[in-house]
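The values are calculated or read from the model by the stated rules, or taken from the named source; none is laboratory data. Owing to the predicted nature of the structure, the values given are computational and were not obtained by experimental measurement. Using ideal geometry, Cβ is built from the backbone for each residue, glycine included, and neighbour counts are taken over all protein chains shown. The accessibility values were calculated without ligands, DNA or RNA, using every heavy atom of the protein model including side chains. Shrake-Rupley method; radii C 1.70, N 1.55, O 1.52, S 1.80 Å.
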Amino acid sequence: MAERLGELLIKAGLVTQKQIEDALQLQKTNGGKLGYNLVKLGHVKEEDITSLLSEQYGVPAIHLEHFEIDESILKHIPSDVAQKYLLIPIERTGATLTVAMADPSNVFALDDVRFITGYQVEPVVAAEASIREAISKYYGSSHDIQLKEVMDEFTKQEVADLEVEDDEGEISAEDMEAASQEAPVVKLCNLVLTDSVRKGASDIHIEPYEKELRVRLRIDGVLYEMLKPPMKLKEAIASRMKILAKLDIAEKRLPQDGRIKMRMKLDNKTKEIDYRVSTVPTLYGEKIVLRLLDKEGLKLDLTKLGFEPESMEKFERAILKPYGMVLVTGPTGSGKTNTLYSAVGRLNTPETNIMTAEDPVEFSITGCNQVQMKEAIGLNFASALRAFLRQDPNIILVGEIRDFETAEIAVKAALTGHMVLSTLHTNDAPSTISRLMNMGIEPFLVATSVHLIQAQRLVRRVCKECREEVKMPKKALLDLGFREDEVESVTIFKGRGCPVCNNTGCKGRTALMEVMEMTDQLREMVLMGANAVELKRQALEDGMVTLRRSGLIKIAAGTCPVEEVVRETVN
């Protein structure tokens, strides 16, 4: 089929022999049919291939995106058959089943479908990418298919042992533990945990409501619904997750925190994943959130975080100083920990003594002395910092400055010959100065101890596989913040949506960085009691790249879509 299609395309003048060879090379690496790989490389359009196949085999060509397939039709062909032969049923008329196929010449596929369904099969040809997308949409990915089959199994079994779950007073811890250990529940929980890794999720949300139980995954900062298990399994799933995290399964009235460490084999590769588990009692049961900590996903290379060249230079200059304070600010989930770990990775040499106080310790870094905070026994950031100062440190990392006591000790450490790295929750870099002074730190201490403040946000990247140029009015670009001289030359890109990015148009994330270096002018203004607006004005004069400007640079480079930058920054 590959050679015949290639010959047809060359005869039609749609591709060259070199392009065929490129596609065959890609086919060896990624699999798929020749046509699919030619489209992926951009050598030919899907429409041209389907038209050619339609003409060759004498069957109609269709565009699957124009069809909404009824669930009753899908039941005729099992998901594994659809995946194996790259086909999908689209309609039934009497005893005839119309099936969209990537290769309508595959007689084995046609015979199998006739045997399974008992219908006469009328093939039509559709682009392979469209069929893959339709299978993913209607059946789910291969992993989702397993989940669906497990859910069907649950429904058939009725989960008899959990019938009394409505009357919570009658369920003992032993009953819940026994229910959670049943094979289907264990299998479901394992599938949720492994599927989250496959899909690159950062968080798993298991949420009970009045009439449904919902599982959602946060992928690239956005929540997507994964599945809705039967309500009968609410207690069993919660108990199973709590057992894995070594939490008290009998305690359902108070929040709990735990950790799951798992070693899993995915794609012939063994991965070690940590899940940080948090449970909170809600109106209809316990909500469980699991944060995925994947060591392989941790980037400790400062050059790959999203810094503009001038901001990168300032940041490196500040962290390489022998003493002082560098602060990273931003909301929860903005990548502050990754930035701090990257800074520590840059400074981590045999000659330095690095001490870190974290809550929690997210990743283990060889060469660093990491301390986990335990508020219950009085080990907090302030007490850890006091102990660190007696441990002869060169560099101190404080997970977060939350109160005056921690801020005061951190500032004093920065003034007595130590490099202090920490985080704060503020909206931008200039307002961090006001936040420190509101905590009770004297202006002269802030001015002398702080070397640099960096604010950051995470935004999604444009999918490289399906990005395309879009036109925007000149006024809209000016309103975004582009200068008059930039408007004419800037090119805006947006993801069209494809199977690689799950039809979102975005794949992966990068950071927007606002780096404010404390210059002599800024120090003088801090001593004079200047507010955040005045500090920002001076920082801009000193060459600070704002969060919005960082976003505009990435828009112009085709890295980020406009909507992401607008959502995360202000002009």
Counting just the residues of the stretch 190-208 that are farther than 16 Å from residue 278 by Cβ and of a type outside the set (Val, Ile, Thr), which one comes out surrounded by the most Cβ atoms within 10 Å (Cβ to Cβ)?
195
Scan the stretch 34-59 residue by residue and report those that are open to solvent by less than 70 Å² (accessible area, probe 1.4 Å) and either touching a residue at least 60 places away in the same chain (Cβ under 8 Å) or aromatic (Phe, Trp, Tyr) (or both).
35, 36, 39, 46, 49, 50, 53, 54, 57, 59
Filter the stretch 209-225 down to the residues that are surrounded by 20 or more Cβ atoms within 10 Å (Cβ to Cβ) and in contact with a helix residue (DSSP H, G or I) (Cβ under 7 Å, 6 or more places away or on another chain), then identify the one that is farthest from residue 335 (Cα to Cα).
213
Here the residues within the stretch 366-380 that are of a type outside the set (A, V, I, L, M) and either at negative phi or open to solvent by 70 Å² or more (accessible area, probe 1.4 Å) (or both) are 366, 368, 369, 370, 372, 374, 375, 380
Out of (1) free of Cβ contacts under 8 Å to residues at least 60 places away in the same chain; (2) crowded, with 17+ Cβ neighbours inside 10 Å; (3) closer than 24 Å to residue 548 by Cβ, what's the single condition that is false for residue 406?
(3)
Need at least 3 residues that are open to solvent by 40 Å² or more (accessible area, probe 1.4 Å) per element, so show me which strands (runs of 3 or more DSSP E) inside the stretch 446-506 make the cut, counting only ones lying wholly within it.
467-470
Output yes when any residue across the stretch 510-520 is part of a helix (DSSP H, G or I) and touching a strand residue (DSSP E or B) at 6+ places or on another chain (Cβ under 7 Å), and no when none is.
no
In the set 269, 287, the lone residue that is over 30 Å from residue 233 (Cβ atoms) and of a type in the set (Lys, Arg) is 269
Among the residues that make up the stretch 18-39, is at least one of them outside any helix (DSSP H, G or I) and at pLDDT 75 or above?
no
Filtered residue count, the stretch 432-444, keeping only those that are touching a helix residue (DSSP H, G or I) at 6+ places or on another chain (Cβ under 8 Å) and surrounded by fewer than 20 Cβ atoms within 10 Å (Cβ to Cβ)
6
Only listed residue being over 20 Å from the mean Cα position of the chain (by Cα) and open to solvent by less than 30 Å² (accessible area, probe 1.4 Å), chosen from 305, 233, 266, 292:
233
Quick one: how many residues across the stretch 527-571 are charged (D, E, K, R) and assigned to a loop (DSSP other than H, G, I, E, B)?
1
Residue pairs within 9 Å by beta carbon, gap of at least six or interchain, first lying in the stretch 442-463 and closer than 14 Å to residue 421 by Cα, second of a type in the set (S, T, N, Q) and in a strand (DSSP E or B), listed first then second, are 453/329; 454/329; 455/329
If I filter the stretch 310-330 for residues that are closer than 30 Å to residue 416 by Cα and in contact with a Phe, Trp or Tyr (Cβ under 7 Å, 6 or more places away or on another chain), do I get at least one hit?
yes
Quick check on this structure: which one of 168, 158, 149, 163 is out of contact with any Leu (no Cβ under 8 Å at 6 or more places or on another chain), on the phi > 0 side of the Ramachandran plot and modelled with pLDDT under 85?
158
Residues (of a type in the set (Val, Ile, Thr) and either open to solvent by 30 Å² or more (accessible area, probe 1.4 Å) or in contact with a Phe, Trp or Tyr (Cβ under 6 Å, 6 or more places away or on another chain) (or both)) located in the stretch 510-552
515, 519, 533
Within the stretch 331-353, can one find any residue that is out of contact with any Gly (no Cβ under 9 Å at 6 or more places or on another chain), farther than 30 Å from residue 235 by Cα and open to solvent by 70 Å² or more (accessible area, probe 1.4 Å)?
yes
Identify the residue in the stretch 269-281 that is of a type outside the set (Val, Ile, Thr) and over 20 Å from the mean Cα position of the chain (by Cα) and, among all such residues, is surrounded by the most Cβ atoms within 10 Å (Cβ to Cβ).
281
Go through the stretch 89-137 residue by residue and tally those that are at pLDDT 85 or above, surrounded by fewer than 17 Cβ atoms within 10 Å (Cβ to Cβ) and within 37 Å of the chain's Cα centre (by Cα).
1
Which listed residue, of 22, 70, is open to solvent by less than 70 Å² (accessible area, probe 1.4 Å) and of a type in the set (Asp, Glu):
22
